[in-house]
Amino acid sequence: MTEASLLKQALRSVVAGQVKAAADPHRPGWHLAPPVGLLNDPNGFIQHNGRFHLFYQWNPLACAHGAKFWGHWSSVDLLHWRHEPLALAPVEAYESHGCYSGSAVVDNGQLTLIYTGNVKYADGSRTAFQCLARENADGEFDKIGPVLDLPAGYTGHVRDPKVWQHGGHWHMVLGAQDLSLQGKVLLLRSADLLTWQSQGEIAGSGLNGLGEFGYMWECPDLFSLSGSDVLICCPQGLPAEADRYLNTFQSGYFVGQLDYDQGQFVHGDFHELDLGFEFYAPQTTQSADGRRLLIGWMGIPDGDEFYQPTVAQGWIHTMTCPRELTLESGKVIQRPARELQQLRGEVQQWQGIAQDAPVWDVTRAEVEVETDRPFVADFGGDLVLTWDGEWLRLTRQNRRSGEPEQRVWRGALRQLTALCDSSSVEIFINGGEAVMSSRYFPVLPIPLTFSGKQPIALRHWPLSDCVIE
């Protein structure tokens, strides 16, 4: 299909479906969601010339994982976003089955995308190319084409380049699967973004003291925080344990130190970034004021996603809120980006016995809970948060099976903040020590009901919508 033909099909899908999608009561008011179709990984998150740019994996033609485009939003403040011209469409032979995930850099003042061209063959095999595209004067992107072919020693599952500059060179981490079907992260170096030299494997299954640790590592991201290096990645194939690795695929991080010259990354243990039902493929950037910001996909690539009711309205999935990352005592702490406080309306405060708490509307709201005593918080009868003094449990019914399912955190609870938006909740525990992000689809408006016989202190802010132009 030619680019013109594919873009016509995409435009037809948006024009035909956007009114129905926008009218869905479960549509978020201040999270980013696709106009129509399916959204997944955030891509190319960067601040350039005073604007944040966020690209995203997008299938505008259906609520399905097909040949992905790159959509594009931009914002001056992480609150008010506008649609930019479609960045990438999968029309070239080297990207015939999708413009897969990647990142963005500024090269000599020019916004440049680095992404994976995905190619599948009739016999079931596949390959991948790492490709460049550069912004032109019209705000569109001209494709340079592949700059890195499939490296020797790996299957066709090599993707998701994250590129940054350090010490006068460009550096890239790539998710990969070796010929023994083990997940790895590759490190490469370049002087000009066009010619890349391999520095080998810096992390993965069987490396750095890890045993078998998944058959594919997706969406790597490496950056410095407080003098340490943090590697975010998404290992696929970790067996579930009683209180961790409960999603189909995991997303987490290692803290260590990268030796850029030797291409070695000595690191500690793997920690999950988010303990909720939906979180995957996060990407970070450094803002002009020095903060490390993260946005993730509030979804999981598995069969259950298509049981979400928004599919019938022609759209599926959202991004998480933007988060600020810090490293404290060797642990990544996530807090809602401070800009989100501008969405707050008038605060309501209450304290007393939990079961006597007022019932507040949390359709679009922020709620802060302070207590170390047991309580239960019921979000519209569709999602229940229970603290028993040792375990925090988030429970809902699986939309496919109808069976109850739960996600858990264990620790000493002092405080939590829940950010709610029509069909999502992001719960920040103890000021960001842990996070639980989840989608749910209750009848609106959503009442938040507390129960329990112990004291609790609450604050509630209604949250206004963000403008998406």
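Please verify whether LEU419 is within 17 Å of ARG335 (Cα to Cα) and either within 20 Å of the chain's Cα centre (by Cα) or in contact (Cβ under 8 Å) with a residue 24 or more places away in the chain (or both), treating the condition exactly as stated.
yes
What's the number of the only condition in (1) open to solvent by 50 Å² or more (accessible area, probe 1.4 Å); (2) in a helix (DSSP H, G or I) that THR310 fails to meet?
Result: THR310 fails condition (1) only.
Between residues in the stretch 213-226 that are of a type outside the set (Gly, Ala, Ser) and residues that are outside any strand (DSSP E or B), which pairs lie under 6 Å by C-beta distance while being six or more apart or on different chains?
Close Cβ pairs satisfying both conditions: PHE213/SER205; TYR215/LEU181; TYR215/GLY237.
Here are some residues: LEU258, LEU273. Which one is crowded, with 19+ Cβ neighbours inside 10 Å, hydrophobic (A, V, I, L, M, F, W, C) and farther than 25 Å from ASP77 by Cα?
Criteria check complete, one pass: LEU258.
Loosely packed, with under 14 Cβ neighbours inside 10 Å, at pLDDT 95 or above and closer than 23 Å to CYS234 by Cβ, is that true of ALA64?
Judged against the criteria, ALA64 is a match.
I'm told ALA281 meets every condition in (1) more than 21 Å from LEU39 (Cα to Cα); (2) among the small types (Gly, Ala, Ser); (3) surrounded by 15 or more Cβ atoms within 10 Å (Cβ to Cβ) except one. Can you identify the failing condition by its number?
Result: ALA281 fails condition (1) only.
If I ask for residues that are more than 19 Å from VAL158 (Cα to Cα) and either assigned to a strand (DSSP E or B) or touching an Asp or Glu at 6+ places or on another chain (Cβ under 9 Å) (or both), which ones from the stretch 218-251 would you list?
Answer for the stretch 218-251, where residues must be more than 19 Å from VAL158 (Cα to Cα) and either assigned to a strand (DSSP E or B) or touching an Asp or Glu at 6+ places or on another chain (Cβ under 9 Å) (or both): PHE223, SER224, LEU225, SER226, SER228, ASP229, VAL230, ARG244, TYR245, LEU246, ASN247, THR248.
Kindly provide the set of residues from the stretch 441-469 that are open to solvent by less than 50 Å² (accessible area, probe 1.4 Å), more than 26 Å from ARG82 (Cα to Cα) and outside any strand (DSSP E or B), ordered by number.
PHE441, PRO442, ILE446, GLY452, listed by residue number.
Quick check: anything in the stretch 69-76 of a type in the set (A, V, I, L, M), in contact (Cβ under 8 Å) with a residue 12 or more places away in the chain and within 23 Å of GLU278 (Cα to Cα)?
Within the stretch 69-76, none of the residues are of a type in the set (A, V, I, L, M), in contact (Cβ under 8 Å) with a residue 12 or more places away in the chain and within 23 Å of GLU278 (Cα to Cα).
Checking LEU238 against (1) open to solvent by 10 Å² or more (accessible area, probe 1.4 Å); (2) under 26 Å from the mean Cα position of the chain (by Cα); (3) under 16 Å from ILE114 (Cβ atoms), which single condition isn't satisfied?
Among (1) open to solvent by 10 Å² or more (accessible area, probe 1.4 Å); (2) under 26 Å from the mean Cα position of the chain (by Cα); (3) under 16 Å from ILE114 (Cβ atoms), the lone unmet condition for LEU238 is (3).
Restricting to the stretch 313-329, name every residue that is open to solvent by 40 Å² or more (accessible area, probe 1.4 Å) and more than 18 Å from LEU294 (Cβ to Cβ).
Result: GLN313, SER329.
Hey, any hits in the stretch 317-328 for a residue that's assigned to a strand (DSSP E or B) and β-branched (Val, Ile, Thr)?
Yes, the stretch 317-328 has at least one match.
The values are calculated or read from the model by the stated rules, or taken from the named source; none is laboratory data. For clarity, every value in this text was computed on a predicted model and none was experimentally measured. When we count neighbours, we look across all protein chains shown, and the Cβ atoms used for this are built from the backbone with ideal geometry, even at glycine. Remember, those area values only see protein heavy atoms, side chains included, never the ligands or the DNA or RNA. Shrake-Rupley method; radii C 1.70, N 1.55, O 1.52, S 1.80 Å.
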